[in-house]
Amino acid sequence: MSAPVTQRPSALIILAAGAGTRMASELPKPLHRIGGAPMLAHALSAGAALEPARIIVVTGHGADAVEAAVADIAPWAECVRQDQQLGTGHAVLQARTALADFDGDAFVLYADTPFISEATLHAMQAARERHDIVALGFHAAEPGRYGRMLMEDDRLVRIVEAKDATPEQLAVTLCNSGLVAGDAATLMALLADVGNDNAAGEYYLTDVPELGAAKGLSATAIICPEAETLGINSRIELARAEAYFQTSKRLEMLDNGVTMPAPDTVHLAFDTHVGGDATVEPYVVFGPGVTVESGAIIRSFSHLEDCHVSTGCIVGPYARLRPGAELANNARVGNFVEIKNAQIGEGAKVPHLSYVGDADIGAGANLGAGTITCNYDGVMKHRTTVGTRAFIGSNTMLVAPVTIGAEALTASGSVITEDVPAGALAVARSKQVNKPGLGRRLMDRLRAIKAGKEQ
Ligand code: UD1
Ligand code: MG
């Protein structure tokens, strides 16, 4: 991340009060997720490029839930309420008291416009050196309902909302993204003068350039790629935003040296970290909180969340790593294996058909096919410890709490309820009995019964 381009302190004002009616959702719009994180978190992370001294989130619709999310994502941010949603200008004005003692620039961002790049924010900052007000625009493929930016050379004369525009103004394709920057006190003073005499009856933030011009202040527009201004108002747009996020994140991973033969099939989270020269095979899903170190291989159809995979590990195909799975170097987790809240030691192997939960598996241990840690008694969870180089026979039930010593063995099919000392062999299954000839006699009798019925 490059440093902000000015010494002037910045404050972010993130608008998150709108109703988001078109989402048709009980969940407030800023909390809908992209790459596993609320879109508000993406907006906050985009704004971090400015290294803001203050962050004000304007909440309204679903304020309690949005404020709880802010406290979780960015506890240093402040929330101010907009009790009635009277327009974007009115929303920004709610931050006036909070920023009364703030000497610097305010940057207005929308919680539902999460992909503004660092380069764009820095370009806005640079433009502030020459102009009092800087708004962010883009050339829209379909200008539709966007506000239109009316320019004279590099001067932004006015932003006219589509609802209020003449046919000639509607023909303008330079559209308003909604982002605007200016000295905080100046912006607030201008907003205090904004009226609501317009088609929507709202207090428009977009009136600021024109009101500024009347006071001798200059305004300009910075232009960014349309994709960055992607706003989310409906589920369709949310799905499009997810696709945009996924594509960008995949490209970033490929650039960082990750091998992905079929990147379009790999689903990533906002914080997925995969080291260089790691391989992610087709159809892998990453939930939040996953770190994969260099050189590890994640094979097809695996699902990982909140886990850590170290160098040299091979995971999958068809593996599931749940929260708290910690794989040390060169560990192996094979097909149809689920690991939860468990450490798998260096070089340890869980190759097939196992559930390992609440466990510590020692270095070099081998868990045979079908090994299960019985960690839950219906009320509480208990831990299983397997010592270094222990060998757990296929289909062993490890009934926790239980400890298997280093280099101990368990016989296949054992139900282990007591600790096994280091180096011991535990056999916990009934002894086999062979009854000579009985198998064939039984089958003959059954066949005879069946033949009798068919007659
Ligand atoms: C706004 C701009 C328009 C621009 C478009 C880009 C105005 C008047 N218009 O229109 O020029 O092209 O965004 O998407 O600014 N919000 C509040 N409180 C309110 C109203 C809105 O917090 O009272 C928040 C919303 O939650 C949203 C953002 O402000 O995050 C934008 O509001 P929205 O109603 O979507 O504005 P548009 O009509 O799309
Ligand atoms: Mg909008």
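Here is a list of conditions, (1) within 56 Å of the chain's Cα centre (by Cα); (2) in a helix (DSSP H, G or I), and residue 412 meets all of them except one; can you say which number that is?
Failed condition: (2).
In region 186-226, which residue that is of a type in the set (Gly, Ala, Ser) and within 16 Å of ligand 2 (Cβ to nearest atom) is surrounded by the most Cβ atoms within 10 Å (Cβ to Cβ)?
200
Being farther than 23 Å from residue 115 by Cβ, away from ligand 2 (no atom under 16 Å from the Cβ) and not β-branched (Val, Ile, Thr): is that true of residue 53 here?
Details: farther than 23 Å from residue 115 by Cβ: yes; away from ligand 2 (no atom under 16 Å from the Cβ): yes; not β-branched (Val, Ile, Thr): yes.
It is true that residue 53 is farther than 23 Å from residue 115 by Cβ, away from ligand 2 (no atom under 16 Å from the Cβ) and not β-branched (Val, Ile, Thr).
What residue, of 379, 350, is free of Cβ contacts under 8 Å to residues at least 60 places away in the same chain, within 33 Å of the chain's Cα centre (by Cα) and outside any strand (DSSP E or B)?
379
When you scan region 377-385, do you find a residue that is modelled with pLDDT of 95 or more, touching a strand residue (DSSP E or B) at 6+ places or on another chain (Cβ under 6 Å), farther than 21 Å from residue 274 by Cβ and not polar (S, T, N, Q), even just one?
yes
Name every residue in region 5-20 that is away from ligand 2 (no atom under 16 Å from the Cβ) and open to solvent by 10 Å² or more (accessible area, probe 1.4 Å), in order of residue number.
Result: 5, 6, 7, 8, 9.
Give 238, 230, 205, 211 a once-over and let me know the one that is modelled with pLDDT of 95 or more, closer than 22 Å to residue 179 by Cβ, in contact with a Ser or Thr (Cβ under 9 Å, 6 or more places away or on another chain) and not acidic (Asp, Glu). Break it down into steps so the answer makes sense when it comes.
Working: 238 fails: in contact with a Ser or Thr (Cβ under 9 Å, 6 or more places away or on another chain); 230 fails: modelled with pLDDT of 95 or more; 211 fails: in contact with a Ser or Thr (Cβ under 9 Å, 6 or more places away or on another chain).
Step by step, each of 238, 230, 205, 211 is checked, and only 205 is modelled with pLDDT of 95 or more, closer than 22 Å to residue 179 by Cβ, in contact with a Ser or Thr (Cβ under 9 Å, 6 or more places away or on another chain) and not acidic (Asp, Glu).
Return yes when residue 202 is among the acidic types (Asp, Glu) and part of a helix (DSSP H, G or I) and no when it is not.
When the stated conditions are applied, residue 202 does not pass them.
Which ones in region 419-455 are surrounded by 12 or more Cβ atoms within 10 Å (Cβ to Cβ) and not in a strand (DSSP E or B)? Step through it out loud before you land on a result.
Our first condition is that a residue be surrounded by 12 or more Cβ atoms within 10 Å (Cβ to Cβ); within region 419-455, this holds for 419-429.
Selection gives 419, 421, 422, 423, 424, 427, 428, 429.
Inspect region 89-103 for any residue being without any contact (Cβ under 8 Å) to a residue 24 or more places away in the chain, of a type in the set (Ser, Thr, Tyr) and within 17 Å of residue 183 (Cα to Cα) and give the result as yes or no.
yes
Which one is surrounded by the most Cβ atoms within 10 Å (Cβ to Cβ), of the residues in region 227-246 that are away from ligand 1 (no atom under 15 Å from the Cβ) and touching a residue at least 12 places away in the same chain (Cβ under 8 Å)?
245
Kindly provide the set of residues from region 60-86 that are open to solvent by less than 10 Å² (accessible area, probe 1.4 Å) and within 21 Å of residue 192 (Cβ to Cβ), ordered by number.
Of everything in region 60-86, just one residue is open to solvent by less than 10 Å² (accessible area, probe 1.4 Å) and within 21 Å of residue 192 (Cβ to Cβ), namely 82.
Of the conditions (1) under 22 Å from the mean Cα position of the chain (by Cα); (2) away from ligand 1 (no atom under 14 Å from the Cβ), residue 99 satisfies every one except a single condition; which number is it?
Here residue 99 meets the rest and fails (1).
So residue 177 passes all but one of these: (1) assigned to a helix (DSSP H, G or I); (2) of a type in the set (Gly, Ala, Ser); (3) within 11 Å of ligand 1 (Cβ to nearest atom). Which condition number does it fail?
So residue 177 meets the others, but not (1).
Can you tell me which residue among 359, 342, 369 is aliphatic (A, V, I, L, M), without any contact (Cβ under 8 Å) to a residue 60 or more places away in the chain, outside any strand (DSSP E or B) and in the same structural domain as residue 306 (by TED's automatic domain parsing)?
369
Here is a yes/no grid of residues against (1) farther than 16 Å from residue 344 by Cβ; (2) surrounded by 19 or more Cβ atoms within 10 Å (Cβ to Cβ):
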position	(1), (2)
371	no, yes
377	yes, no
388	no, no
391	no, no
404	no, yes
407	yes, no
412	yes, no
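Can you say whether residue 381 is of a type in the set (Lys, Arg) and under 22 Å from residue 325 (Cα atoms), as far as the supplied structure shows?
So residue 381 fits the description; yes.
For the list (1) among the hydrophobic types (A, V, I, L, M, F, W, C); (2) more than 11 Å from ligand 1 (Cβ to nearest atom); (3) assigned to a helix (DSSP H, G or I); (4) in contact with a Gly (Cβ under 8 Å, 6 or more places away or on another chain), I need the number of the one condition that residue 208 fails.
The one condition residue 208 does not meet is (2).
I'd like the full set of residues that are away from ligand 2 (no atom under 14 Å from the Cβ), touching a helix residue (DSSP H, G or I) at 6+ places or on another chain (Cβ under 7 Å) and in a loop (DSSP other than H, G, I, E, B), limited to region 91-148.
Of everything in region 91-148, those that are away from ligand 2 (no atom under 14 Å from the Cβ), touching a helix residue (DSSP H, G or I) at 6+ places or on another chain (Cβ under 7 Å) and in a loop (DSSP other than H, G, I, E, B) turn out to be 96, 99, 102, 104, 115, 116, 117, 132, 141.
Which condition number in (1) closer than 22 Å to residue 106 by Cα; (2) away from ligand 2 (no atom under 15 Å from the Cβ) is the one that residue 169 fails?
Residue 169 satisfies every listed condition except (1).
The values are calculated or read from the model by the stated rules, or taken from the named source; none is laboratory data. Computed from a predicted structure; not experimentally measured. No Cβ is skipped: glycine too gets one built from the backbone with ideal geometry, and neighbour counts run over all protein chains shown. What goes into the accessible areas is simple: the full protein's heavy atoms, side chains included, and nothing from ligands, DNA or RNA. Shrake-Rupley method; radii C 1.70, N 1.55, O 1.52, S 1.80 Å.
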